[in-house]
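A.B. asks: Here it is, the structure, as structure tokens.
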Amino acid sequence: MASSSSQCLILLCSLAFFFFATPSLAKTSFKPKALVLPVTKDPSTLQYLTTINQRTPLVPVKLTVDLGGLSLWVDCERGYVSSTYKPAHCGSSQCKLAGSKACTTECYRSSPKPGCNNNTCNIFPDNPLATTLTGDGQLGQDVVSLRSTDGSNPGPVVSTPNILFSCGDTDLLANLSAGVKGMAGLGRPKVGLPSQLASAFSMDRKFAICLTSTAKSKGVIFFGRSPYVFLPGIDVSKSLTYTKLILNPVSTAGVYFEGDVSSEYFIGVESIKVNGKVVPLNTTLLAINEEGYGGTRISTLKPYTVLETSIYKAVVNAFVKSLAHVPRVKSVAPFGACFDSKRIGSTRVGPGVPAIDLVLSKGMYWRVFGANSMVQVSKDVLCLGFVNGGVRPRTSIVIGGHQIEDNLLQFDLANKRLGFSSSLLFRQTNCANFNFTSTS
């Protein structure tokens, strides 16, 4: 009888262990196919912001999204406390992955802490919006936690202990939105967030962004495989057009080493059409030359598309000519062509104005409708949302945030291609329609 009681006790203990231990085991063994981050728009800076959970214990870190940024970087100078932070020592596999070509043998600024360790390699944290370039950019790694997704809803939270990032100084936060502690670099290199997350969770090496046009709603970034489902049940991944991603052989960062390639995303725009008619341009500006000048890149840090002066003048002149029946009004900076909005009708895809086509290879084109070409600057004034970038800028065309809002863009790093949806408004959905209600 005593033996029977002992066996029952052992069985109960085993069952208790099973019920309490299994959820923990399930959490650690779950392998996501994709991850998801919400994105908001700051109405004062027009920057796109996201938040990741980093460190031990986990801390929410607000970041400005930098589509072409080399890597994740955060301010380590103030308040970075974590029991799991590890510096990347010179010559280590982490330094090689990041392509570091600099090493801090001794840090004299303080006692050892994140951002100041001996025998630690460096990659330069870059804030293209800052007026000065500061910081050694010591490379380190720490825990990062994100939500998984099935493409329709957020799923279980997953964590990885070894996401590499660069430590920036507090001064490098200049001109970033209030409360921001760094930048989420989504660029091409292996140290960029998309490649690191793909490696950490054995996911597809691709990601997609879908930015909203207002501060009142959330856009979304997907890491990993599709689908990308938006209410009312539309899988946008099934209707993407693809074009080649082009590598600029010269870095476009503020500080870089000789021989570094650009971490940003370039596409091959061959011509521009307004209202179906080709705009006469100096097409040599559309190619990237041996010094890394020219070409077309996509940016989340430029609020509006920036065009080299001769391209800008040609596009504006063609647009004004096509909209000759609408009275022009006084220009509102930074725009050069503004119109009486009372004389412009409304359509499903925004103001009823001539479409602008970015013509790509093999006859494909990215069509920009009124919702993405026009900016409502006041009750009665609409302006063409393109900006004069001056003579001989580093990049001839920089497609800015306003032009990609409510468009889904998929960056397939493995296959070196961009998938784009054009305006989701045509599909009767938008980037605010991802369902962030968790099913886990």
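The values are calculated or read from the model by the stated rules, or taken from the named source; none is laboratory data. Remember, predicted model here, so these are calculated numbers, not experimental data. Here the Cβ is made from the backbone with ideal geometry for all residues, glycine too, and neighbour counts use every protein chain on show. Surface accessibility is based on the protein's heavy atoms, side chains included, excluding ligands, DNA and RNA. Shrake-Rupley method; radii C 1.70, N 1.55, O 1.52, S 1.80 Å.
A.B. asks: Which of the strands (runs of 3 or more DSSP E) found entirely inside segment 219-324 contain at least 3 residues meeting this: closer than 17 Å to residue 364 by Cβ?
C.D. replies: 241-246, 271-274
A.B. asks: With 198, 184 as the choices, which residue is in contact with a Lys or Arg (Cβ under 6 Å, 6 or more places away or on another chain) and outside any loop (DSSP other than H, G, I, E, B)?
C.D. replies: Every option except 198 fails the conditions.
A.B. asks: Shifting gears a bit: Please determine whether any residue of segment 143-166 is crowded, with 18+ Cβ neighbours inside 10 Å, basic (Lys, Arg) and at pLDDT 95 or above.
C.D. replies: Yes, some residue in segment 143-166 is crowded, with 18+ Cβ neighbours inside 10 Å, basic (Lys, Arg) and at pLDDT 95 or above.
A.B. asks: Filter segment 83-131 down to the residues that are β-branched (Val, Ile, Thr) and in contact with a helix residue (DSSP H, G or I) (Cβ under 9 Å, 6 or more places away or on another chain), then identify the one that is surrounded by the fewest Cβ atoms within 10 Å (Cβ to Cβ).
C.D. replies: Checking each candidate, the answer is 120.
A.B. asks: Filtering segment 219-269 down to residues that are open to solvent by 50 Å² or more (accessible area, probe 1.4 Å) and aliphatic (A, V, I, L, M), which residue is farthest from residue 293 (Cα to Cα)?
C.D. replies: Once the filter is applied, the top-ranked residue is 231.
A.B. asks: In addition: One residue is enough: does segment 181-201 have a residue meeting the conditions closer than 18 Å to residue 153 by Cα, open to solvent by 10 Å² or more (accessible area, probe 1.4 Å) and of a type outside the set (Asp, Glu)?
C.D. replies: There is no residue in segment 181-201 that is closer than 18 Å to residue 153 by Cα, open to solvent by 10 Å² or more (accessible area, probe 1.4 Å) and of a type outside the set (Asp, Glu).
A.B. asks: Also: Since residue 210 meets every condition but one in (1) closer than 19 Å to residue 149 by Cα; (2) open to solvent by less than 20 Å² (accessible area, probe 1.4 Å); (3) not in a strand (DSSP E or B), which condition does it not meet?
C.D. replies: Unmet condition: (3).
A.B. asks: Can you tell me which of 45, 50, 40 is under 17 Å from residue 208 (Cα atoms) and open to solvent by 10 Å² or more (accessible area, probe 1.4 Å)?
C.D. replies: When all the criteria are applied, what remains is 40.
A.B. asks: Scan 337, 314, 355, 324 and give me the residue that is closer than 20 Å to residue 277 by Cβ, touching a Cys at 6+ places or on another chain (Cβ under 7 Å) and modelled with pLDDT of 95 or more.
C.D. replies: Matching residue, one of 337, 314, 355, 324: 337.
A.B. asks: If the requirement is being polar (S, T, N, Q), touching a helix residue (DSSP H, G or I) at 6+ places or on another chain (Cβ under 9 Å), without any contact (Cβ under 8 Å) to a residue 60 or more places away in the chain and surrounded by fewer than 18 Cβ atoms within 10 Å (Cβ to Cβ), which of these qualifies: 289, 282, 275?
C.D. replies: It is 282.
A.B. asks: Given the condition small (Gly, Ala, Ser) and touching a residue at least 40 places away in the same chain (Cβ under 8 Å), answer yes or no: does some residue in segment 79-90 qualify?
C.D. replies: Looking for residues that are small (Gly, Ala, Ser) and touching a residue at least 40 places away in the same chain (Cβ under 8 Å), one finds at least one in segment 79-90, hence yes.
A.B. asks: Could you give every pair whose Cβ atoms fall below 9 Å, whose first residue belongs to segment 257-270 and is under 19 Å from residue 286 (Cα atoms), and whose second residue is surrounded by 20 or more Cβ atoms within 10 Å (Cβ to Cβ) and of a type in the set (Asp, Glu), counting only separations of at least 6 or pairs across chains?
C.D. replies: Between residues of segment 257-270 that are under 19 Å from residue 286 (Cα atoms) and residues that are surrounded by 20 or more Cβ atoms within 10 Å (Cβ to Cβ) and of a type in the set (Asp, Glu), the close pairs are 263/126.
A.B. asks: Sticking with this structure for a sec: Can you report the number of residues in segment 130-142 which are acidic (Asp, Glu) and at pLDDT below 95?
C.D. replies: Qualifying residue count for the region: 1.
A.B. asks: Same structure, new question: Please give the number of the condition residue 107 fails out of (1) closer than 27 Å to residue 52 by Cα; (2) assigned to a loop (DSSP other than H, G, I, E, B); (3) not small (Gly, Ala, Ser).
C.D. replies: (1)
A.B. asks: Which strands (runs of 3 or more DSSP E) sit wholly inside segment 25-70 and have at least 1 residues that are under 18 Å from residue 125 (Cα atoms) and of a type in the set (S, T, N, Q)?
C.D. replies: In segment 25-70, the matching strands (runs of 3 or more DSSP E) lie at 48-54, 59-66.
A.B. asks: Now for a different question. Filter segment 145-172 down to residues that are aliphatic (A, V, I, L, M) and not in a helix (DSSP H, G or I) and give me whichever is farthest from residue 86 (Cα to Cα).
C.D. replies: 157
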